[in-house]
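Contents: one structure, followed by commentary.
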Amino acid sequence: MADIDEIDLTLIELLQKDARTPQAQLAATVGLAASSVNERIRKLGERGLIAGFHARISPEAMGYDLLAFLYVAWSRPETRCPPFTVMATGCGSAEFIRCEFESGSRISKWKKNPVVS
């Protein structure tokens, strides 16, 4: 495990709960100055412990009221249609938020982030 102290662990936990928590509030919680919290968060990012900050989109609010898992198989093994081509075609649609292709232990993912105006 990376060399992190209790304050870093607390900051990570707080940011996981709400990444939009103001740094002044984080600072008050851990007992440091906001500038120190800012520096710690920056360093956690540089070290790869924080990989990014993301918005969690509500599928229902976006009008996506269906979650579907599709299984696609070829009845003839000699078929030469690359599965990635099929997946990429489907994932080109705005309604697809995430597509995955699994073959044995290999999983490939395409992620699309819906644009909200």
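Taking segment 35-72 as the range and being touching a Leu at 6+ places or on another chain (Cβ under 8 Å) and either in a loop (DSSP other than H, G, I, E, B) or of a type in the set (A, V, I, L, M) (or both) as the test, the residues that pass are Val37, Ile41, Leu44, Ile50, Phe53, Pro59.
Does Arg20 satisfy being of a type in the set (Lys, Arg), under 26 Å from Cys99 (Cα atoms) and exposed (fewer than 10 other Cβ atoms within 10 Å of the Cβ)?
When the stated conditions are applied, Arg20 does not pass them.
Filtering segment 36-61 down to residues that are charged (D, E, K, R) and out of contact with any helix residue (DSSP H, G or I) (no Cβ under 7 Å at 6 or more places or on another chain), which residue is surrounded by the fewest Cβ atoms within 10 Å (Cβ to Cβ)? Let's see the steps before the verdict.
At the first step, the residues of segment 36-61 found to be charged (D, E, K, R) are 39-40, 42-43, 46-47, 56, 60.
The next check asks that each one be out of contact with any helix residue (DSSP H, G or I) (no Cβ under 7 Å at 6 or more places or on another chain); those that pass are 39, 42-43, 46-47, 56, 60.
Numbers: Glu39: 12, Arg42: 11, Lys43: 13, Glu46: 9, Arg47: 12, Arg56: 5, Glu60: 8.
Of everything passing the filter in segment 36-61, Arg56 is surrounded by the fewest Cβ atoms within 10 Å (Cβ to Cβ).
None of the figures in this text is laboratory data; all of them are computed from the coordinates on show. Please read all numbers here as calculations on a predicted model, not as lab measurements. Don't worry about glycine lacking a Cβ; one is built from the backbone with ideal geometry, like all the others, and counts go over all protein chains shown.
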